[in-house]
Structures are given as structure tokens and as C-alpha cells.
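The values are calculated or read from the model by the stated rules, or taken from the named source; none is laboratory data. Predicted, not measured: the structure shown is a model, and the values here were computed from it. Neighbour counts run over all protein chains shown; Cβ positions are idealised from the backbone, glycine included.
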Amino acid sequence: MPLNPTVVEVTERIIKRSAPTRRRYLDRMAKAKSDGPARAHLSCSGQAHAFAAAGEDQARLAGANTGNLGIVTAYNDMLSAHQPFERYPTLIRDAIRADGGTAQVAGGVPAMCDGVTQGEAGMELSLFSRDVIALAAGVALSHNTFDAAVYLGVCDKIVPGLIIAAQSFGHIPSVFLPAGPMTSGLPNDEKAKVRQRFAAGEATREELLKAEMAAYHGPGTCTFYGTANTNQMLMEFMGLHLPGASFVNPNTNLRDALTIEGAKRALSLSALGNHYTPVCDVLDEKAYVNGIIGLNATGGSTNLLIHLIAMARAGGILLDWEDFSDLSEITPLIARVYPNGLADVNQFHAAGGLGFMIGQLLNAGLLHDDTRTVSGEGLESYTYEPKLTDAGLTWTPGTGTSLNTGILRPATEPFQETGGLARLVGKLGTGVMKISAVAPEHRIVEAPARVFHDQDEVKAAFKAGEFTDDVVIVVRFQGPKANGMPELHSLTPLLGILQGRGQKVALVTDGRMSGASGKVPSAIHVCPEALDGGPIAQVQDGDIIRVDAEAGALEILTEGVLERPHATADLSDNHWGVGRDMFTAFRNTVGSANTGATVFGEF
């Protein structure tokens, strides 16, 4: 199938826009490649320090003629998604040693859980943690002793941060090793109903806790389709996972076999072998277009509208929200996973999963099939699924038909003709909206504004019974420069209650919503942010705002708003406590959401 003309046009536009920065990046990577395996250049003292604790591997490491694999891990056992990584270094070391190579844990990176910090002060460090992760991974690899690397990470900011670091060391082949989703617990829609009942005062805290613990009950990634699982989808669409690796449950034989094979594959792609495939050659403009198509086709997390831009910039590639919007217009939504449907990711995987989706999108001419991947083959190899037989790990053709059309549909019979994301532009600025879970009748809201400077004020107004009519709730001074751009997901239950009462309701904010944002239309990531002089700082209570996801509009209909002085806010309480005082430099240097909200300049 020939490529869709819009895919061709957007790809060429990105290539042209990125040409100077991409060229500089690739020149740097070419120089790094020419230096050869790094540890051979270390001084004798440097080598002795690097190999001192390697035990039986010391001789191999000193010989410098066998591959040394660096492991960058986000392990901690507070995150369910990352707890399975505790076992990975041993699995990897033993497997690589059996193949004649060596593996060392290069370093660890932090990994926080947005689910724990939702509505808490710690959420104001969440977005910045992505760039901290990139910095920490950079420190880990700076010892220059590795021929290839594997990255152990899953959740919201961790994978994007690791990608940024991997591209900084883009001459090194890299494979990402996931942990997989936890087994299914309490259905996500039932959990959401308990949350709404609690927000309305109809359920006790004990009932809420019981429901939450029944949903989040074991090791592995949360089973809804939020940012963590969107990350896993991207790693397959962009060729950095082994085919079919994303949604295999933790602590299973197949999961272990994929982990071992992924580590071996990483070393096989090093400059010491015959199939040198550095990550800078995998993550090109076409790979990012494939990722954006996957994001739209699955109705993925809005957080990736920030992260993908930051990730791409680390490789000299300049993405724009217009690219996402244009690709959304020609991408069919072919998956329904909670909060866009009732299924969880385990059910999605069982119905055909990513292999079925990639096959459908390739056949529809919506994906570049000639990208380089860690599988050693093109994207077509990602339509295959892993099997563990008596003969070992193998890949066989995946299903060509959906096993549950309520979860997955062919590209010719989609849930909707366009993707799950919309770009909104107007007098209020530029924002984005996840529309895959928003019913068509709720996608246009025109109503008076109620303006707040933090989410606690919104909750207080709700409890006081102040939202009795149609309303556009504006929550400003939530951008990256103001307070680190926290997610406002804790507003979701009360917004859902208002919508359920028959009110027209929308959210407009320069902050973020969770990757699990759902049925209430939310214009988020609004740029410029209030602290940067954006029009959102000129809105007052009662101004008429129109949020129109169908037309892509974010408008102020009241006259004279843009002639008003900009509101100010006392943000001093957001700049200390729970570690926030240590991030002043981040708040002072961070870029806007539409450029990735990153503290890094050009790489």
C-alpha cells in the first residue's frame, strides 16, 4: 500500500524543518562512532576502577574484545510497574556471560509515581523528573565503558527521560526492556464509579481505598491506557522494544525470555558485531511519525504531546503540535482501551494488541515500513508475536483479525475516522485535547468562565455547591514555569459529576491532565502559560469561552478581554517543601509546553 499523502507531507515537513539541527546531531554521533568501543581508551587506572567489582568478568572486561552491556535501571519497589526490574540485572548478567560477554549496571535513575502524587505537592516535580532522569542516565553512561545499553523503565516520565539520554549517547545501540502490565483486577470503570461516588459524598474513604487496592493489586504497570502504557506502545511503533514485548505480564517465563533476548540483541547490534545499529539511526524522523500515528490510532496520553517533542529534540528533530493535528486528521481510531473504552490493556493484548494495529496501519499506508528497528528488520516484524516453545523463544505471525471488535477494529471500520487528539487554537492561545473518550455531544462547550489559581480552589467551590450551571472552569498558573505543570487529574471525578447532571462543562488550563483523562473536554497545555503573559491570565469570571474540539477552536467571545492587565498569582508556596525548593533552576529555564517543556537547549 502506498503511503498516505499526508504522512508523506508531514514527514517531509519535519525533515525540512529539522535539517540544520538534525545534521549537527548526526555529525556529533558520527564522531562518537569513529572512536570505537569506548573502554579500550580508558587509562589502566580507569579500567581498574571500572572492573574492580566485576569478579569473574574482570579478565573479559580488561581484554576489551568482548561486548560490555550497560544496564540503566529505574528500579524501585514502590512503583508496581518497576518492582519487577529487581530481578533483571541478574537475568541479564547471566545470559550475557553465557554468550561470552559482560554486563554491568551502569547506574540508576529516579522514578516517581504520578498515581501517588496526584493532587499532592510532589506532583509539581513530576514533569521535571523526566529531565532529571535524562541527566542521571547521562551520568551513568558517561563512564564510557559500554558497547551497548539496555534501559529498564516503564512509567510516565521515565521512558521519555531515558529516550532523551539514549539519544545523547546515540552512537550506542539501545534496547528498551519493559516489565509488563499487572494482571487484571477490579475493572477500571467500576473503580471510576467509586471515585465519583466518593467525590459526591456518597461513598466512604474505606470504600474508596478498597476499590483502589482491588484495581492496583500487584506488580506491573497499571492496566488502564494512560501515559505508562502509551509509552510502551511507542517503543514498539518506534522500534526500540522487541516485537510484541510491551504487554506480557511480569514474572512469567515469556517475560523473562524476552528480557534475556532483548539484552542479547542489544549487544549483537554493537560496533563489535556485524549489524551495528546505533539508536541515532533507529530514532529518525520516520520513527517519530510512526509514533505519532500510533498515539492517534490508540487514543493515547496527552502527556506524549509534550514528551515526544522533547524526545525528538534530543535527536535534533523538531516536532510541532500541527504535525500531531494533521496526522490525527487521517488516522483512524481503532482501539478502545479504558478510559476510551471498558477494556484494560490485558484484554487489548489478548484481542490482537499492537501487532494487529501495526499490521492494519501498515496495510492502510499510514506507517513507514522502512524504519530501522532493534529487531533487525523493518516495522513489518512488529506484526509478529513472541511464543515460548520447547525450542525456545520464537516469533510467529500475529492475528490478522480482531478477536474482539469492541476493543480493536480494522482500519477500514474504525471507532471514529480521525485520531484521538485535537489541537485547539484561538484568542486564548494554543492547547490540546484528548477527544477519544469525549462523546461527540460534549466536544463543543460555550459557557461562562470560573477562574481559579489552583485545583484546591476548584474542589472547594464544588463542595460549596457553586457549579450549578454550564461552566468552563479555568485553572491557570499551572504551567511549567509557574509550578512545574502538575497533572490536575484529581479534578476528573467532580467534573464528571457536573457532566452527569446534564451541565455543559469543560476545563481550560495551562497545566496537564493525566494520561487517563477521559470524558470531560479538557483544553490543556495552553500556551503561552499565565506566568508567561498568556491570554489565559486576562480571563475573568463570567467571560464567555468557547471550547470547540470539532473545529479546533479555543476562543474568548467576550469583548475587551485582551486589553485587560494580566492577573498575577502568589506562587511562593509552590516553590518550597517536598523538594520543590531544589528545582528553582528548572522553573527558571524550562521551555513552553509546545516545545517540550524541557530544561535542555539544543543537544
Fill in the blank from the handout: In the range 562-594, anything buried (at least 17 other Cβ atoms within 10 Å of the Cβ) and within 24 Å of the chain's Cα centre (by Cα) is listed as Arg580, Phe583, Phe586, Arg587, Val590, Gly591, Ser592, Ala593, Asn594
Handout entry: the range 570-599 residues that are in contact (Cβ under 8 Å) with a residue 40 or more places away in the chain and over 17 Å from Ser129 (Cβ atoms), paired with ones that are crowded, with 19+ Cβ neighbours inside 10 Å and not basic (Lys, Arg) (beta carbon under 6 Å, 6 or more apart)
Key = Leu571/Ala482; Ser592/Cys527; Asn594/Trp321; Asn594/Cys527
Problem - Filter result for the condition that a residue is within 20 Å of Ser142 (Cα to Cα), β-branched (Val, Ile, Thr) and in contact (Cβ under 8 Å) with a residue 60 or more places away in the chain, over Thr21, Thr66, Thr6 - result: Thr66
Completion exercise
When every residue in the range 521-540 that is part of a loop (DSSP other than H, G, I, E, B) and in contact with a His (Cβ under 7 Å, 6 or more places away or on another chain) is compared, the one nearest to Gly341 (Cα to Cα) is Pro521
Practice task
Of the conditions (1) at pLDDT below 95; (2) more than 16 Å from Ala437 (Cα to Cα); (3) of a type in the set (D, E, K, R), Lys519 clears all except one; give me its number.
Solution key: (2)
Handout entry: Residues satisfying the stated conditions in the range 337-352, i.e. outside any loop (DSSP other than H, G, I, E, B) and among the aromatic types (Phe, Trp, Tyr)
Key = Phe348
Handout entry: Which listed residue is in contact with a His (Cβ under 7 Å, 6 or more places away or on another chain), closer than 27 Å to Ser572 by Cβ and either of a type in the set (Phe, Trp, Tyr) or crowded, with 19+ Cβ neighbours inside 10 Å (or both), from Phe477, Phe462
Key = Phe477
Exercise for the section: State which residue is farthest from Ala81 (Cα to Cα) when the search covers only the range 96-121 and only residues that are touching a strand residue (DSSP E or B) at 6+ places or on another chain (Cβ under 9 Å) and charged (D, E, K, R). Expected result: Arg97
Problem - Answer residue from the range 182-222, given it is assigned to a helix (DSSP H, G or I) and out of contact with any helix residue (DSSP H, G or I) (no Cβ under 9 Å at 6 or more places or on another chain) and is surrounded by the fewest Cβ atoms within 10 Å (Cβ to Cβ) among those - result: Glu206
Problem - Candidates Val539, Val547, Val578, filtered to the one that is among the hydrophobic types (A, V, I, L, M, F, W, C) and in contact with a helix residue (DSSP H, G or I) (Cβ under 6 Å, 6 or more places away or on another chain) - result: Val578
Completion exercise
Scanning the range 411-437 residue by residue, those at pLDDT 90 or above and of a type in the set (A, V, I, L, M) turn out to be Ala411, Leu424, Val425, Leu428, Val432, Met433
